[in-house]
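Following this message is one structure expressed as structure tokens.
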Amino acid sequence: MAKPNIVSKQDLLASAKRCIAEYGIEKLTLKAVAAGAGVTQGTVYYHFRTKEQLMLSLVEDICTSAWEQVKSNTSPGPEKLKDALHAARDRCTSDSFYHRLFFSLMVYSFQHEEMKKQLHNLLSFENKALAEQFASIFTTSPVKGISSETWGILINAMIDGLAVQALLSNSFPADRVYSELETLLTREITSGK
């Protein structure tokens with residue numbers, strides 16, 4: 001296989017994001033990404049062997065960026081929690097391309113063991129990051145006997161579950177649900193300190 005030209009993997013991911021924003025996830029192809037980046041399709045294939053690998057790289061890129069923002073937030077516990085929930089709420093829409101990519105890959109992984117492993121690794125990363133953030137916010141668990149690791153898993157599952165509901169319904173009350181989730185968790189922070 002030929003070596004890629006000066007276009008980086010990040011440039012190709014940016015082209016893929018533009019393609020999705022302009023034409024929708026259904027029109028995302030390696031050919032469209034190549035055209036958007038002004039390179040040959042071979043250059044895209046050098047970095048991504050399949051459309052699914054491109055989609056996984058997009059999901060990982062978005063996920064990593066979101067966690068970098070959360071980790072860099074130096075606000076006190078309740079404010080940090082609110083900021084993180086607001087970021088999750090912003091992705092909880094009927095047209096969230098992040099969640100559409102993620103859940104499309106999840107369905108694909110049911111028939112592709114390697115993709116299943118990669119998505120498991122991504123979820124494990126998110127669960128661990130949430131557990132670390134939870135432990136940094138709460139001095140003790142709000143519920144005796146529930147570890148920060150379990151809280152991370154539960155909160156991650158809750159956020160993904162809310163995203164599923166928003167993807168399936170334009171009328172899903174995301175603002176109200178996230179506001180009440182924030183109230184619940186903030187109450188736990190102040191009672192757990």
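If you check every pair at least six apart or on different chains, which have Cβ atoms under 9 Å apart with a residue in the stretch 10-39 that is at positive phi first and a residue that is part of a helix (DSSP H, G or I) second?
Taking only residues 6 or more apart or on different chains, the pairs are Gly24/Phe97; Gly38/Ser15.
Looking only at the stretch 32-51, decide whether some residue is assigned by the TED database to the domain that holds His112, of a type in the set (Gly, Ala, Ser) and surrounded by fewer than 17 Cβ atoms within 10 Å (Cβ to Cβ).
There is no residue in the stretch 32-51 that is assigned by the TED database to the domain that holds His112, of a type in the set (Gly, Ala, Ser) and surrounded by fewer than 17 Cβ atoms within 10 Å (Cβ to Cβ).
Within the stretch 93-110, identify whether any single residue is surrounded by fewer than 16 Cβ atoms within 10 Å (Cβ to Cβ) and among the charged types (D, E, K, R), and answer yes or no.
Yes; the residues of the stretch 93-110 include at least one that is surrounded by fewer than 16 Cβ atoms within 10 Å (Cβ to Cβ) and among the charged types (D, E, K, R).
Right, here's the next one. Can you tell me how many residues within the stretch 154-176 are free of Cβ contacts under 8 Å to residues at least 40 places away in the same chain and of a type in the set (Val, Ile, Thr)?
1
The values are calculated or read from the model by the stated rules, or taken from the named source; none is laboratory data. Because the structure is a prediction, the values reported are computed rather than measured. Neighbour counts run over all protein chains shown; Cβ positions are idealised from the backbone, glycine included.
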